[in-house]
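Remarks on the structure that follows.
The values are calculated or read from the model by the stated rules, or taken from the named source; none is laboratory data. Because the structure is predicted, anything quoted here is derived from the model rather than measured. Here the Cβ positions follow ideal geometry from the backbone for every residue, glycine too, while neighbour counts run over all protein chains shown. Quick note on the areas: whole protein, heavy atoms, side chains included, nothing else; ligands and nucleic acids left out. Shrake-Rupley method; radii C 1.70, N 1.55, O 1.52, S 1.80 Å.
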Number of protein chains: 2
Amino acid sequence: MPVAGGQGRVLELAVLGSLHETPLHGYELRKRLNALLGMFRAFSYGSLYPCLRSLLTQGLIAEEQPAPATIVGGRSKIVYKLTADGKERLQDMLTQAGPSAWEDESFGVHFAFFRHTEAEVRLRILEGRRSRLEERLDAVRTALARTRERLDSYTLELQRHGLESVEREVRWLNELIATERRASSEDRPERDTTSTDE
Amino acid sequence: MPVAGGQGRVLELAVLGSLHETPLHGYELRKRLNALLGMFRAFSYGSLYPCLRSLLTQGLIAEEQPAPATIVGGRSKIVYKLTADGKERLQDMLTQAGPSAWEDESFGVHFAFFRHTEAEVRLRILEGRRSRLEERLDAVRTALARTRERLDSYTLELQRHGLESVEREVRWLNELIATERRASSEDRPERDTTSTDE
DNA sequence: GCTTCGATGTATCGAGCCGATACATCCCGA
DNA sequence: TCGGGATGTATCGGCTCGATACATCGAAGC
């Protein structure tokens with residue numbers, strides 16, 4: 001069952017989140033998105049425009065009418081803005097802390113909108129991502145141990161580099177999680193911190 | 001024009017390369033591939049089986065007949081092996097040093113089979129990947145400088161982490177390139193090394 | 001003044017790939 | 001003996017990309 005909405009809709013979240021700041025048209029939207037996500041993802045028009053159309057028919061975004069004087073040629077820019085339903089949907093998506101938030105493709109997008117996410121959800125997403133990566137680390141290390149003997153130096157070097165990259169991301173997540181915990185314990189200092197693991 | 005064969009066919013290369021070592025059946029093939037590529041990619045059956053079928057009809061691989069005694073039930077494993085055409089094709093792909101070799105999705109696969117790649121091609125792929133990453137680094141840094149003022153701490157942290165990861169990969173590539181150059185100058189010591197850039 | 005060129009802008013198409021799923025067999029332990 | 005987990009082949013819906021097409025606008029160049 002494809003669940004029809006809420007799975008791999010990373011783009012949907014990215015668009016809704018961007019439009020939450022300010023109304024935008026497609027071209028500018030794509031530029032901002034790809035600048036925002038920087039090195040992690042790069043959405044293309046081939047997915048952006050169908051996504052905009054879908055959001056439009058769902059009533060989550062709407063075309064904003066510009067001042068008539070602005071229109072020079074026939075039809076020019078199509079500026080989209082978030083509707084009330086869209087804002088609600090965005091809040092929903094930001095509240096979800098599941099695999100769809102911490103997989104490779106989606107984690108960056110969720111993280112980019114952490115400003116609008118509750119502290120508790122942020123923590124769960126960071127921890128989810130960390131255990132996802134540690135899972136993968138285990139799998140690769142096990143596979144590596146099993147086939148250690150017959151591997152050429154290039155394959156080995158690739159494994160080593162990949163392992164190191166992921167270990168580095170885990171350390172990054174550890175720091176972020178520690179920071180989050182510190183911030184939340186400062187908000188609620190009545191909580192006993194001596195019994196927390198790690 | 002989709003060029004019909006030679007673009008995004010990363011899987012094709014991966015399958016051909018794996019089958020070059022030893023004949024394999026689908027399930028085992030996928031396991032090896034995902035162990036080999038470790039943290040970079042993970043192919044699924046949804047792409048593997050159509051790929052195998054396509055390679056079969058192209059005559060690049062063939063079903064290997066097992067000893068009749070091996071077949072216990074009706075039809076069991078389908079073991080594929082590389083044909084002569086397949087070996088030729090693999091050599092072709094390994095010789096290609098273009099964007100299709102150093103983009104994110106394909107670089108890992110190409111690197112994993114560097115053992116079968118000529119030294120000159122290896123160097124060009126490594127350098128191509130490096131300049132690809134530096135390009136991206138420039139783009140993000142420029143975008144970051146232009147919008148520095150209005151960015152929340154999470155977005156900033158994401159950018160910083162992304163930037164650092166890519167810088168790290170560039171350093172890795174630098175080391176690999178230096179090693180390759182050293183190795184190739186040892187092979188041909190008549191080459192003057194004082195005039196090489198960097 | 002005229003033209004060319006690059007940035008801006010909307011939009012679609014073919015094709016690759018993934019996740020989920022279905023289904024069958026084999027073997028091992030409770 | 002029975003269930004569950006590994007092995008094994010296979011497909012379907014749907015998302016996304018890269019390439020491409022087409023149109024407008026301003027600036028640079030001749």
Item to check | Candidates B:Arg122, B:Arg89, B:Arg132, B:Arg115 - the one that is surrounded by 21 or more Cβ atoms within 10 Å (Cβ to Cβ), closer than 23 Å to A:Leu163 by Cα and of a type in the set (D, E, K, R) | outcome: B:Arg122
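Residues checked against (1) within 14 Å of DNA strand D (Cβ to nearest atom); (2) aromatic (Phe, Trp, Tyr); (3) modelled with pLDDT of 85 or more:
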| position | (1), (2), (3) |
| --- | --- |
| A:His25 | yes, no, yes |
| A:Ser44 | yes, no, yes |
| A:Leu56 | no, no, yes |
| A:Thr70 | yes, no, no |
| A:Phe107 | yes, yes, yes |
Item to check | Exclusive hit being farther than 24 Å from A:Gly38 by Cα and either out of contact with any helix residue (DSSP H, G or I) (no Cβ under 7 Å at 6 or more places or on another chain) or modelled with pLDDT of 85 or more (or both), set A:Ala112, A:Ala101, A:Ala145 | outcome: A:Ala145
Next on the checklist: Looking at the stretch A:31-53 only, could you name the residues that are within 13 Å of chain B (Cβ to nearest Cβ), more than 16 Å from B:Asp104 (Cβ to Cβ) and open to solvent by 60 Å² or more (accessible area, probe 1.4 Å)?
Outcome noted: A:Lys31, A:Arg32
Next on the checklist: Restricting to the stretch A:125-151, count the residues that are within 12 Å of chain B (Cβ to nearest Cβ) and assigned to a loop (DSSP other than H, G, I, E, B).
Outcome noted: 4
Checklist entry - Could you say whether any residue in the stretch B:111-124 is hydroxyl-bearing (Ser, Thr, Tyr) and part of a helix (DSSP H, G or I)? => result no
Item to check | Residue that is open to solvent by less than 60 Å² (accessible area, probe 1.4 Å) and within 11 Å of DNA strand C (Cβ to nearest atom), where the choices are B:Val109, B:Val79 | outcome: B:Val109
